[in-house]
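What follows is a set of notes on a single structure, which appears directly below.
The values are calculated or read from the model by the stated rules, or taken from the named source; none is laboratory data. Remember, it's a predicted structure, so these values are computed and weren't measured experimentally. Heads up, the Cβs are rebuilt from the backbone with ideal geometry, glycines too, and the neighbour counts pull from every protein chain shown. To get the accessible areas, we keep the full protein, side chains included, count just its heavy atoms, and leave off ligands, DNA and RNA. Shrake-Rupley method; radii C 1.70, N 1.55, O 1.52, S 1.80 Å.
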Amino acid sequence: MITTTIKKFVGRLFGPTVAGGPLRIERERHGIDRRNVSRNAIKVCDVLRQHGYEAYIVGGAVRDLIVGLEPKDFDVATNATPEQIRPLFRRARIIGRRFQLVHVVFGQEIIETSTFRAPASVDQKTDEHGRILSDNVFGTQAEDAARRDFTMNALYYDPHTEEVIDYHDGVQDLKKRQIRMIGDPIKRYREDPVRMLRAVRFAAKLNGTIEPATRQPIRTMAGLVENVPASRLFDEMLKLLTCGHAMDCLRQLRGEGLHHGLLPLLDVVLEQPGGENFVEQALERTDARVRAGKGISPSFLFAALLWRLVDARWKQLRAEGEHTMPALVQAADSVLDEQTEKLAIQRRFSSDMREIWFMQPRFERRQGKATYRMIEQPRFRAACDFLQLRAAAGEFDSVLAQWWMDLANADDATRAEMIEDTARLPREAGGDGPARKRRPRRRRRAGGGDGNAGGESSGAPDAA
């Protein structure tokens with residue numbers, strides 16, 4: 001009796017690895033249907049197994065399959081090294097500096113294949129804050145499980161036996177929707193501060209809670225996020241915004257004091273009149289698309305997050321006497337410059353964001369050729385969707401916004417008819433009626449006039 005009690009206590013204290021090896025959970029208990037597993041991931045495991053190596057599907061895919069979610073991607077873990085993995089597949093490449101792994105490519109799907117990692121060593125290369133900089137030390141499956149961040153991510157699915165191998169009671173934590181760190185949370189956060197952001201994302205995605213010991217250090221260690229490379233922060237922010245529970249993530253980031261390292265002006269955005277409503281509508285629409293399995297645009301997301309800041313500065317510059325478009329360009333540049341100090345928004349995304357913003361003033365007029373030029377813009381549809389957000393937030397006429405959306409959805413013949421109809425609208429009805437025609441210039445008599453016979457002034461009004 002006493003021995004059994006001691007074993008249970010040791011098992012709770014150190015996890016099942018110390019108490020007699022990992023749990024091997026059969027299909028009836030974990031509930032994963034093999035038909036929902038990527039065929040390409042299974043193929044990678046089969047090929048590695050045929051060449052004498054161990055191979056398992058690991059991490060987020062196993063977690064999501066157990067809770068009934070559709071995984072975004074599938075990763076494989078093996079005891080084969082990157083140099084041993086690459087020759088086994090026709091399309092495979094070694095990537096990574098901090099930790100090398102192999103991308104095995106099957107058409108549009110990439111199976112990320114990593115080698116079991118060994119425990120961190122005292123001579124491992126870290127920065128002055130304890131963040132691991134180089135991690136190419138390989139080990140066993142048990143050591144690899146101990147190196148993973150949360151218990152629910154340290155699960156290995158064997159597609160051959162259909163068992164889940166669980167070293168740290170991850171399945172039990174998943175059932176409780178509990179995010180629990182493996183090892184000492186303070187040390188693990190120092191190794192990789194992004195783990196704090198991941199804890200928040202998983203809690204929001206699973207509608208769960210962060211275990212108290214895992215949550216407690218986050219607020220005091222939040223400043224470490226500033227030491228993470230901007231490119232990694234951008235990747236993590238993108239995951240937060242596209243997890244299907246983006247608004248919950250942002251609220252919890254603020255609650256834990258983590259938002260400053262991601263979007264330094266997020267508080268300012270949400271505190272502006274209507275700011276939170278605008279951001280919430282944008283993220284709710286994004287969440288709905290994610291849950292429906294539809295594609296989403298990072299450019300659109302970040303354009304929506306930062307629009308209130310751009311809009312406020314745009315209005316300020318116009319009040320100071322700046323013209324509409326130059327003011328909008330200055331506002332966009334200043335906001336993006338501040339954000340990219342901490343968040344490495346890729347050039348292609350920031351360029352698209354500018355296009356979406358710069359098209360907004362042009363929606364205020366519907367004038368023949370100008371409307372046709374609008375339709376031809378590559379970001380016309382994204383800008384039109386953005387206009388619907390502005391209309392829903394009460395900052396743009398909803399009837400006019402719907403006209404533009406109808407135009408975006410129409411075929412060529414219907415578009416031509418809609419544009420032709422606007423030419424017959426009185427200016428006061430739409431605010432965008434036909435432009436007033438210029439009177440023909442009178443021909444001056446030879447030898448007369450005021451020295452302006454060359455007509456230099458005639459081109460200025462039409463230049464716009």
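Yes/no matrix, rows are residues, columns are (1) touching a helix residue (DSSP H, G or I) at 6+ places or on another chain (Cβ under 7 Å); (2) over 22 Å from ALA344 (Cβ atoms); (3) open to solvent by 20 Å² or more (accessible area, probe 1.4 Å):
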| position | (1), (2), (3) |
| --- | --- |
| ILE165 | no, yes, no |
| VAL200 | yes, no, no |
| VAL228 | yes, no, no |
| LEU233 | yes, no, no |
| LYS239 | yes, no, yes |
- Query: Which of the residues spanning the stretch 170-179 are surrounded by fewer than 23 Cβ atoms within 10 Å (Cβ to Cβ) and more than 16 Å from ASN207 (Cβ to Cβ)?
  - Reply: VAL171, GLN172
- Message: Among the residues that make up the stretch 316-328, is at least one of them in contact (Cβ under 8 Å) with a residue 60 or more places away in the chain, more than 22 Å from the chain's Cα centre (by Cα) and in a loop (DSSP other than H, G, I, E, B)?
- Response: no
- Note on the structure: Contact list, first residue from the stretch 41-64 and at pLDDT below 95, second anywhere and in a helix (DSSP H, G or I), beta-carbon distance below 6 Å, six or more apart or interchain, is GLY59/ASN153
- Task: Take the residues in the stretch 239-258 that are touching a Lys or Arg at 6+ places or on another chain (Cβ under 8 Å) and small (Gly, Ala, Ser), then tell me which one is modelled with the lowest pLDDT.
- Result: GLY257
